[in-house]
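Asker: The structure follows.
The values are calculated or read from the model by the stated rules, or taken from the named source; none is laboratory data. Please read all numbers here as calculations on a predicted model, not as lab measurements. When we count neighbours, we look across all protein chains shown, and the Cβ atoms used for this are built from the backbone with ideal geometry, even at glycine. Ligands, DNA and RNA are excluded from the accessible area calculation, which covers all protein heavy atoms including side chains. Shrake-Rupley method; radii C 1.70, N 1.55, O 1.52, S 1.80 Å.
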Amino acid sequence: MSARQSLSGLPPADADRTAAGTRGTTSPGGSSPAAGGPAARIEPHLRRGRGSGTNASGRYERFRLESFDDGWESLAELPGVKTQVTTETPRKIITRNQSPDISFDRSINPYRGCEHGCSYCFARPTHAYMGLSPGLDFETKLFAKPNAAELLETELAAEGYEPRTIAMGTNTDPYQPIERTHRITRKVLQVLARHNHPVGIVTKNHLVTRDIDILGPMAEKGLAKVALSITTMDRELARNMEPRASTPQRRLEAILRLTEAGIPTTVMVAPVIPGLNDSEIESILAAASAAGAREAGYVMLRLPLEVRDLFVDWLNCNVPDRAGKVMSLVRQMRGGKDYDADFGSRMRGTGPVAWSIGRRFEIATDRNKMNRERVSLRTDLFEKPLKRGAQLALF
């Protein structure tokens, strides 16, 4: 089978964009192969501007592919990887959670997958539920939910609905590049604004400033706040690690524009990767404070499921001299494991390394006069939408 055939003749999860031909092999127990192995490598010129260098099959697939030289020079025929967007029509749009270490109990994700391509993204394993790879598929095979605003209006009108802050950007970024044309996030915000419903947004994209005309008036009523995630101030590192997210400087510009519009803005140093970007905690907080951010938070690197192999592969390809040190420090914060999913510790880690990072963060936020007050959003202004077919009251 040639590489061209593997791309056009198999389902996306099985069509790994490899350097040569492919052949299918069974993965015992349905488990996926280690990312970065022979099954997954994609040549750099085919994935320019992408975060993942591999496209290993997801953990639920019965088969995986391994590359081999078919002798026909089929690599020369392969096109570059392009973003594909599929329309999805869910029946509900508000996702609920009961996690005790998360500050919100409901969220909205207008998109599945994320074109930003962040190498460390903890949401990558969700693409396995779609029969796709958490690797390159996650950032190139995207799903949009164009009926999100309509669904939201219906759910807000449901009997017994009680308003609490809806979080956006908790799984995939609501302002990833395809939002420029699909505008689903904007339509969702228009519904929330119309009914005075509180919303909190987390993003890495300057595009959030497009919606200041909605978020500004909401903020005046105490209904909106925005967090910009800044992982590094190093443009080269950011380009390699978060290839299609806004540059660090553009994110700082977004903080400035949002705060000038009166929108409460937080900076998230996330994720903190020991041995790679933890030395920048102080500089990121100082720059964000100068831009107007008055709140700050951080989240330690999380490597659940397939993310571990994908991120290790990224380290070996981009910072091989630091890869061993980074993973050693990660294990020191995770009880000797690559990841610890326990509530309470998964966001912060444990042990001396995690403690040191936490103390440095506290000192830096205090120095920059951050986190002295926390903005709480209002729920008492909420106006329930009328159900379809309901008659307006005369008085």
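Asker: Check I94: other-chain or 5+ apart residues with amide H under 5 Å from its amide H, H built from backbone geometry?
Answerer: It is none; the list stays empty.
Asker: List every residue whose amide H lies under 5 Å from the amide H of K141, counting only residues 5 or more places away in sequence or on a different chain, with H placed 1.01 Å from N in the peptide plane.
Answerer: Amide H neighbours of K141, under 5 Å, 5+ apart: Q84.
Asker: Quick one: which residues, 5+ away or cross-chain, put their amide H under 5 Å from the amide H of M300? H built at 1.01 Å from N.
Answerer: V272, R348
Asker: Which of the peptides 158-169, 97-108 is most tightly packed, and how do the rest follow, judged by the mean count of other Cβ atoms within 10 Å per residue? Could you put the intermediate results ahead of the total?
Answerer: Working: 158-169: 16.2, 97-108: 13.2.
The peptides rank, most packed first, as 158-169, 97-108.
Asker: I would also like to ask the following. Calculate, for D234 and K337, the FRET efficiency according to 1/(1 + (r/R0)^6) with r their C-beta to C-beta distance and R0 30 Å; round to the nearest 0.05. Don't skip to the answer; put the middle values down first.
Answerer: Details: r = 28 Å, r/R0 = 0.94.
Rounded to the nearest 0.05, the efficiency is 0.60.
Asker: Whole-Hz Karplus ³J(HN,Hα) for the stretch 250-267, in order, using 6.51 cos²θ - 1.76 cosθ + 1.60 and θ = phi - 60°, x for Gly and Pro?
Answerer: 5, 5, 5, 4, 5, 4, 4, 5, 5, 5, 5, 8, x, 9, x, 10, 10, 10
Asker: Can you compute 3J(HN,Hα) from phi for each residue in the stretch 305-319, using the Karplus curve 6.51 cos²θ - 1.76 cosθ + 1.60 with θ = phi - 60°, rounded to whole Hz and x for Gly and Pro?
Answerer: 6, 5, 4, 4, 5, 5, 6, 4, 4, 4, 4, 5, 7, 9, 9
Asker: Name all residues of the stretch 266-283 having a backbone nitrogen under 17 Å from the label point set 7 Å from the Cα of R372 along its Cα→Cβ direction, giving them as ranges.
Answerer: The answer is 266-267, whose backbone nitrogens lie closer than 17 Å to the label point.
Asker: Could you compute the FRET efficiency for D213 and T181, with r as their C-beta to C-beta distance and R0 at 25 Å, rounded to 0.05?
Answerer: Values: r = 19 Å, r/R0 = 0.74.
Using R0 = 25 Å, I get an efficiency of 0.85.
Asker: So what J values fall out for the stretch 240-248 if you push phi through Karplus, 6.51 cos²θ - 1.76 cosθ + 1.60 with θ = phi - 60°, rounded to Hz, Gly and Pro as x?
Answerer: For the stretch 240-248, the Karplus-derived couplings read 6, 8, 9, x, 10, 7, 4, 5, x Hz, x marking Gly and Pro.
Asker: If you average the alpha carbon positions of the stretch 199-236 and of the stretch 314-390, how far apart do those two centres end up, in angstrom?
Answerer: If you average the Cα positions of each part, the centres end up 18 Å apart.
Asker: Now for a separate question. Among 181-192, 319-330, how do they line up from the highest to the lowest mean number of other beta-carbon atoms within 10 Å? Before the final figure, lay out each step's value.
Answerer: Numbers: 181-192: 19.5, 319-330: 15.7.
The peptides rank, most packed first, as 181-192, 319-330.
Asker: How large are Rg and Dmax for the stretch 280-395 when only the alpha carbon atoms are used, in Å?
Answerer: 21.5, 72
Asker: Counting only protein heavy atoms, what percent of the accessible surface of the stretch 92-221 is carbon or sulfur at a 1.4 Å probe?
Answerer: On the way: 2270 of 4530 Å².
The value for the stretch 92-221 is 50 percent carbon and sulfur by accessible area.
Asker: Related question: Between S283 and E159, take the C-beta separation as r, use R0 = 35 Å, and let me know the FRET efficiency to the nearest 0.05.
Answerer: Working: r = 51 Å, r/R0 = 1.44.
That pair, S283 with E159, gives E of 0.10.
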